Each structure stands twice: as structure tokens, then as C-alpha cells.
Ligand SMILES: NC(=O)c1ccc[n+]([C@@H]2O[C@H](COP(=O)([O-])OP(=O)(O)OC[C@H]3O[C@@H](n4cnc5c(N)ncnc54)[C@H](O)[C@@H]3O)[C@@H](O)[C@H]2O)c1
């Protein structure tokens, strides 16, 4: 079930060009082409031209190119979805903004705060809409929890928790090819955003991380990390834990909770549905195995929201209103990335690290309250 309004009566769908048609990009392509009335997939750019051409043919997309610059030069394209490798996110975001294309960029936007500032400058200069792929905000249960939080169910947040366990079979054969800080920059970045979002009137101040290669100990010397726990202190005093592991044998497991003075909200469960089977062997349930299973609707809804924002800019109509802040932008990208960078510093030093750009603990204006 979608929690976001999708206006199917919109006369002109937003024309979107996809940049990067790999695992995530191909899923976004299908959503844009088939599941979002407010958008149409107008073009695909990927240097791996063969699979891109095959995908385009399957989805009825006429324009395929190896070079994203062709999309930026096309006046018929309103917006781009960037789902290429992370090192290209910033240059592509900047080039798109300068070409007046609205941008949906997969996380993390950039791996450095300096580069993210360059995107911020380009976006501020041109006024395009820039949105990041923090899809958990669009999952029905996370959004319901966030709405409860705004309604006062939790009171003042005191403890928060977010976890990601990627599906695996107990070994990571490609560990040598995993960039060193993937744990924080690509995986836990989702948890950092979820925690920031679920403690909305506060800033992360400091973090202390324990991390290791417990799934693939033989890669530890090379700096590989597959297991991590980060303890985060927020400016309103709340203490959060984010944890991840790259190999859950039972599937893809994402959960979050905020506990406070008045109660607790939780989102996510390890099982695919609420259905349980009770047999002589005990109690069992199916589990989601892939991110595109668990978050299929959330991935669609984040792009539907993006298209609605772009259409609102283009048509001079009101931007979507979700009742609580949902659409993640550059400030959210910055807060999550600042946490990821502080985690890397903590791993390197073995001590707690301050989070760049945050207000000191207890000085935040909104300490204790919860923003709608
Ligand atoms: N939100 C999520 O849950 C989620 C999940 C998985 C991946 N992602 C993100 O999606 C992005 C892509 O990840 P992936 O797993 O799909 O990777 P992938 O390797 O499967 O796909 C990357 C694609 O980008 C193409 N590419 C390379 N250079 C390019 C360029 N200069 N211009 C255009 N395309 C280029 C490659 O040919 C490939 O097809 C990453 O930012 C990743 O963090 C997000």
C-alpha cells in the first residue's frame, strides 16, 4: 500500500532520463516506465550500452546513449535519475543542475562533504530540485512511525535504533572489490538518515564505532569491514545505535525504532508478511531476500514524489505535502554523510569522533521537541 498521493490526472508526465542502468537503475527504470503515472522514462544513458539498449527495448524507451551529456543537452528531458557508480554522483549532479535538469541522485550523493558542498552550490545557483534516494522514508511502516512521532506518540526521543542486515550466504567472495568504507558510505548511510529523520529536532553530535570483518576475517588486514555498530549521541541528549552486517542468512532485514518519554514507535520486521505457519517443527515465516522485494513500493514512491516535485516546479503548482517532512534533500544528504565520515574517523582512531557541522550537545534550539 502506498502512503503517498499519486495524481494520475496530471496531464504532462515528467520526462525523466536515467543515468546508470545497473542493478538499482534498472529497477528505477521499470518503476518510471510502468508504475508512476506522473513520470515517463524518456532516455537511458550508460556506457555499458548493450544491456542498456536491451532494457530500453523492453521498456519501449527510444533514446539510449553511452554518454550522460546527451541527456543534459536534450531540451525534452525535465529531470534525471542518477544511479551510476558513486564516484560519478557529484560530477553528474553538478552537470545536470547546470543544464537545468532536476536531479534524483542515489545515495550517498557524494563520499566527501567538500564535494557535496559543490553540489549544493550548483543547485543553489540554478534552483533545480535535488533529491536523494533515502527510500526508507517512503516505506509505509517507516512513514507511519514518523507520523506517530510527529503526533506525540513517543514524547521526547531518548533511545533510537536502526539496523540493516544485507542478505548473504555466510561468505562475501567479492570482498576484495568492496571499497573500504562501503559499510558507512553505502549501507549505514540509510540508517543514519533514518535515525536523523526519527529524531527530527536534533543534530548528531558524536559517534563511537566498533567495526570488524567477522563474515570474512581473511580480508580484515586489507581494511574490509562487514560488521559494525555505531553509537551516536544527539544534541537533544538522545542516544542512538546503528548496526549492520553484510551476510544475514535469513534474508534482507531492515528495522528501526524511536523510544521516548511517552512511548515507542517501531518500523520494519524480519518477515516478509505478517503471515506465520505453525507446524510440528515450530513457527515459521517467509523473509524478503532482496532490497527490491522489501522496498519495491518505497523505491517507486520516492520517484513518484520526485516526479511530483518536478511537475510542481514546471507547472507552478503546489509541491506535494506529506504532513510530515519526507522528501530528502541536500541538508539530509549532508547530515547523513557527516555521520558516515565521523564513523570512518572513529574506526581509524579507535575513539569517539565529533560530527562535522553539528551544534554542541544541549545547545540545539529544538532540543526535546519533535518537529512535525
Ligand atoms: N537505495 C538503495 O537501497 C540502493 C541499493 C543498491 C544500490 N544503490 C545505489 O545505486 C547506485 C548504483 O548501484 P548499483 O548497485 O545499481 O550498481 P551497478 O554496478 O549494478 O550499476 C551501475 C551502472 O552504472 C553504469 N555506469 C558506470 N559509469 C557510468 C557513467 N559515467 N554514466 C552512467 N552510467 C555509468 C554501469 O555501467 C552500471 O550499469 C549506487 O549509488 C548505489 O549506492 C542504492
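Readers should treat all values here as calculations from the given coordinates under stated rules, not as data from a laboratory. For clarity, every value in this text was computed on a predicted model and none was experimentally measured. Using ideal geometry, Cβ is built from the backbone for each residue, glycine included, and neighbour counts are taken over all protein chains shown.
Label points 7 Å out from Cα along the Cβ direction at residue 177 and residue 69: separation in nm?
2.8 nm
How far, in degrees from 0 to 90, does helix 330-349 lean away from the longest principal axis of the Cα atoms of the chain, to the nearest 10?
That helix lies at roughly 50 degrees to the long axis.
Determine, for 153, 283, 347, the number of other Cβ atoms within 10 Å of each Cβ, and report the residues in order from fewest to most.
Numbers: 153 16, 283 8, 347 22.
Fewest to most other Cβ atoms nearby, the residues stand as 283, 153, 347.
Report the equivalent ellipsoid semi-axes for region 203-303 in whole Å, largest first, defined as the square roots of five times the eigenvalues of the gyration tensor built from alpha carbon atoms.
They are 27, 23, 15 Å, listed from largest to smallest.
Suppose R0 equals 56 Å; then what is the FRET efficiency for residue 214 and residue 319 from their Cβ-Cβ distance, rounded to the nearest 0.05? Please list the in-between numbers first.
On the way: r = 44 Å, r/R0 = 0.79.
Working from the Cβ atoms, E equals 0.80.
Ratio of region 75-172's C-alpha Rg to 2.2 N^0.38 Å, to two decimals? Don't skip to the end; give the middle numbers.
Numbers: Rg = 17.4 Å, N = 98, 2.2 N^0.38 = 12.6 Å.
The reported ratio for this selection is 1.39.
Against the longest alpha carbon principal axis of the chain, how many degrees, from 0 to 90 and to the nearest 10, is the axis of helix 49-59 turned?
80 degrees
Can you tell me what share of the DSSP beta bridges in the chain is antiparallel? A percent to the nearest 5 is fine. All intermediate terms of the calculation are to be shown ahead of the outcome.
Details: 32 of 60 bridges.
In the chain, DSSP labels about 55 percent of beta bridges as antiparallel.
Can you give the angle from 0 to 90° between the axis of helix 188-197 and the longest principal axis of the chain, with both taken from C-alpha atoms, to the nearest 10?
For helix 188-197, the angle is close to 80 degrees.
With just the Cα atoms defining each centre, how far is region 228-295 from region 155-216? Give it in Å.
Cα centres, region 228-295 to region 155-216: 13 Å.
Using only the alpha carbons of region 9-165, determine the length spanned along each of the three principal axes and report them from longest to shortest in whole angstroms.
In descending order, the Cα extents are 52, 35, 35 Å.
For the chain, modelled as a GNM with alpha-carbon contacts under 10 angstrom, which of 336, 21, 312 fluctuates the most?
Of the options given, 312 has the highest mean-square fluctuation.
Would you look at the GNM of the chain, springs on alpha carbons closer than 10 Å, and say which of 250, 138, 278 moves the most?
278
Hey, can you rank 291-298, 218-225 by average C-beta count inside 10 Å, highest first? Before the final figure, lay out each step's value.
Values: 291-298: 19.2, 218-225: 15.1.
Most protected by this proxy first, the peptides run 291-298, 218-225.
Could you work out the relative contact order of region 262-360? I mean the mean sequence separation of Cα pairs under 8 Å and 6+ apart, divided by the number of residues, in percent.
Numbers: 52 pairs, mean separation 12.3, N = 99.
Result for region 262-360 is 12 percent.
Debye sum, Cα scatterers, the chain, no solvent: what log₁₀ I/I(0) at q = 0.09, 0.11, 0.15 1/Å?
Debye intensities relative to I(0), on a log10 scale: -0.51, -0.78, -1.44.
With springs only between Cα atoms under 10 Å apart, run a GNM on the chain and tell me which of 348, 266, 131 wobbles the most.
348
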